[in-house]
RNA sequence: GGCGCUAUCGUCUAGGGGUUAGGACGGAAGAUUCUCAAUCUUCAAACCCGGGUUCGAUUCCCGGUAGCGCUACCA
């Protein structure tokens, strides 16, 4: 009894999301399928979980159904409010809405009721065996554990008596394993998996503190919430046999299942924070400068295919073509690189490419608004108007939003960082040519309109006069103005930078030569 | 260990009894441009192994192997 109180006291109160529309009563069930995403708040939102959420969402929205978010928080030891917050943070970035929201810790009475109903039918029994110490089991040689010796044979009378006397027990499902019984279910992805009851252990329904286990809570809620399709990770495929047993024992028809192939690391192992670091967290993608639409697009291509060679797709298109038939059965590698030289290299090259594609597909105004906070966040004072003029210069040159800082750095800073004067030397030229070009440019640019066409004409004419190639004319100017050889096209750049700063930087370059 | 699932280029995938096994990313080469990027063209790159069924298997079946998952009073 004391132990139970301690447990209760330790249980965290978990707040529901602030961006949830009022939850509707179940009395008005819509027509379409009802699907749910049921994360357990034990850490941040994982990319694998995000994909599960996305597939559920796509299925619901494609079919005019209902998307439900349920916090599976029956593990009081490992849940935390900060995990809940962090999961919502990830979901918020994904920007996909849900229609109803629940948390399991508020529905414990329902779970218990379901468990005891199963017990009353004789399909579950009290197990008074003390709990295993999990660690010993894990490290030791594994046998096949199915049930604790003698536990299922305790008579109902003795069971009731010991329970009444206060002896702690777990409630276990009495798996039918006699006479070669088979358990089967229908899976939209894996067909009809079958397993012998003889190979399923007597799993727990209720812990000795009276709290429901995941299997029980999940099934009781799925039934109560009228979930029609359970779309979840393949790590639950084997658990599903137990779930089917629960549904049937409790008198519910099992829903349609669809198990998704797992997302794995390049080494083939399941993605985990401990082993693979922050690349498995959704917010890492957000912070690195991914567009959520591109991230969603990328995730959809892992384990699912539209079968028509389309890859770059908007959310709208994905919603249009998504179907369970396109899901395949083998694990997909998220091809990230562990020690990465640049942020871009850390991610799956296809994710980066898709992001670049989505960036290029964005209207300039839209892109500009997304870029502005990043630039300002880095401490640069840029007006929205200026940002709007900068954006076209870099739109085709950045793969991640955050790269705006390196792609347009020379526009944001007042003072160019130091560069090697040798950079000013044009192809097949020398320092004297650089000096000649810059001196002439200084004169020409002093009295010309800073617009693309006039700049183009004047500078080309100057090259002709000087007897140098156009490229030899442009390159020293580019380096003088941008501080490096690789930069956006010259005339557009000068237009944005303006006469004053351009002349100043050319002057500075000339000083370096002398 | 037991049980379940899976197996096509480096990666994501299409395909399916007879195909030059298709696409994409990445890689290489070239074209184009004032550099870079973008764009375009070209190239290299795959059916895990062994049996069977069959006139013919990468495709169907069986076995092996490998990988993954589950095997908790975690989810």
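The values are calculated or read from the model by the stated rules, or taken from the named source; none is laboratory data. Predicted, not measured: the structure shown is a model, and the values here were computed from it. All Cβ positions, glycine included, derive from the backbone under ideal geometry; neighbour counts span all protein chains shown.
Of all the listed residues (A:168, A:176), the sole one being near RNA strand B (Cβ under 10 Å from one of its atoms), surrounded by fewer than 20 Cβ atoms within 10 Å (Cβ to Cβ), part of a loop (DSSP other than H, G, I, E, B) and more than 35 Å from the chain's Cα centre (by Cα) is A:168.
Filtered by the rule that a residue be touching a helix residue (DSSP H, G or I) at 6+ places or on another chain (Cβ under 8 Å), modelled with pLDDT of 95 or more and in a helix (DSSP H, G or I), region A:326-355 gives A:350, A:351, A:352, A:354, A:355.
Could you please find all residues in region A:479-498 being under 14 Å from residue A:448 (Cα atoms) and either outside the structural domain of residue A:439 (by TED's automatic domain parsing) or loosely packed, with under 15 Cβ neighbours inside 10 Å (or both)? Result: A:498, single match.
Put simply, of A:374, A:296 the only residue that is modelled with pLDDT of 95 or more, away from RNA strand B (no atom under 13 Å from the Cβ) and either within 20 Å of residue A:96 (Cβ to Cβ) or not in a helix (DSSP H, G or I) (or both) is A:296. Yes or no: residue A:253 under 26 Å from residue A:225 (Cβ atoms) and without any contact (Cβ under 8 Å) to a residue 24 or more places away in the chain? Spelling it out, residue A:253 is indeed under 26 Å from residue A:225 (Cβ atoms) and without any contact (Cβ under 8 Å) to a residue 24 or more places away in the chain. Within 17 Å of residue A:435 (Cα to Cα) and within 8 Å of RNA strand B (Cβ to nearest atom): is that true of residue A:491 in this structure? Criteria not met by residue A:491. Would region A:50-72 turn up any residue that is more than 24 Å from residue A:327 (Cα to Cα) and either touching a residue at least 12 places away in the same chain (Cβ under 8 Å) or within 12 Å of the chain's Cα centre (by Cα) (or both)? The answer is yes, given that some residue of region A:50-72 is more than 24 Å from residue A:327 (Cα to Cα) and either touching a residue at least 12 places away in the same chain (Cβ under 8 Å) or within 12 Å of the chain's Cα centre (by Cα) (or both). If you go through region A:89-108 and keep only what is loosely packed, with under 15 Cβ neighbours inside 10 Å and within 16 Å of RNA strand B (Cβ to nearest atom), you end up with just A:106. Note on region A:224-242: among residues that are touching a helix residue (DSSP H, G or I) at 6+ places or on another chain (Cβ under 9 Å) and in contact (Cβ under 8 Å) with a residue 60 or more places away in the chain, the one that is farthest from RNA strand B (Cβ to nearest atom) is A:229.
In this entry, residue A:86 is excluded by the filter for residues that are surrounded by 23 or more Cβ atoms within 10 Å (Cβ to Cβ), assigned to a helix (DSSP H, G or I) and within 14 Å of the chain's Cα centre (by Cα).
Okay, residues lined up against (1) loosely packed, with under 12 Cβ neighbours inside 10 Å; (2) modelled with pLDDT under 95; (3) closer than 19 Å to residue A:360 by Cα:
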| residue | (1), (2), (3) |
| --- | --- |
| A:382 | no, no, no |
| A:394 | no, no, yes |
| A:408 | no, no, yes |
| A:414 | yes, yes, no |
| A:435 | no, no, no |
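Screening region A:143-158 for residues that are under 14 Å from residue A:122 (Cα atoms) and away from RNA strand B (no atom under 14 Å from the Cβ) and picking the one that is surrounded by the most Cβ atoms within 10 Å (Cβ to Cβ) gives A:156.
Of all residues in region A:416-447, those being in a loop (DSSP other than H, G, I, E, B) and either within 52 Å of the chain's Cα centre (by Cα) or not assigned by TED's automatic domain parsing to the domain that holds residue A:482 (or both) number 11. Scanning region A:452-473 for residues that are within 12 Å of RNA strand B (Cβ to nearest atom) and either outside any helix (DSSP H, G or I) or surrounded by 21 or more Cβ atoms within 10 Å (Cβ to Cβ) (or both) yields A:455, A:459, A:468, A:469, A:473. Annotation: of all residues in region A:179-194 being surrounded by fewer than 17 Cβ atoms within 10 Å (Cβ to Cβ) and free of Cβ contacts under 8 Å to residues at least 60 places away in the same chain, the one that is nearest to residue A:327 (Cα to Cα) is A:191. The residues in region A:473-491 that are farther than 17 Å from residue A:507 by Cα and over 37 Å from the mean Cα position of the chain (by Cα) can be counted, and the count is 2.
Just so you know, in region A:265-279 the residues that are away from RNA strand B (no atom under 13 Å from the Cβ) and within 14 Å of residue A:348 (Cα to Cα) include one that is surrounded by the fewest Cβ atoms within 10 Å (Cβ to Cβ), and it is A:278. Considering each residue of region A:265-272 in turn, none proves to be touching a residue at least 40 places away in the same chain (Cβ under 8 Å) and part of a helix (DSSP H, G or I).
Can we say residue A:257 is touching a helix residue (DSSP H, G or I) at 6+ places or on another chain (Cβ under 7 Å) and more than 13 Å from RNA strand B (Cβ to nearest atom)? For residue A:257, the condition - touching a helix residue (DSSP H, G or I) at 6+ places or on another chain (Cβ under 7 Å) and more than 13 Å from RNA strand B (Cβ to nearest atom) - is not met.
Picking from residues in region A:424-451 that are over 16 Å from residue A:499 (Cβ atoms) and without any contact (Cβ under 8 Å) to a residue 24 or more places away in the chain, the one that is nearest to RNA strand B (Cβ to nearest atom) is A:430. In region A:195-209, the residue that is nearest to residue A:119 (Cα to Cα) out of those that are part of a helix (DSSP H, G or I) and more than 7 Å from RNA strand B (Cβ to nearest atom) is A:197.
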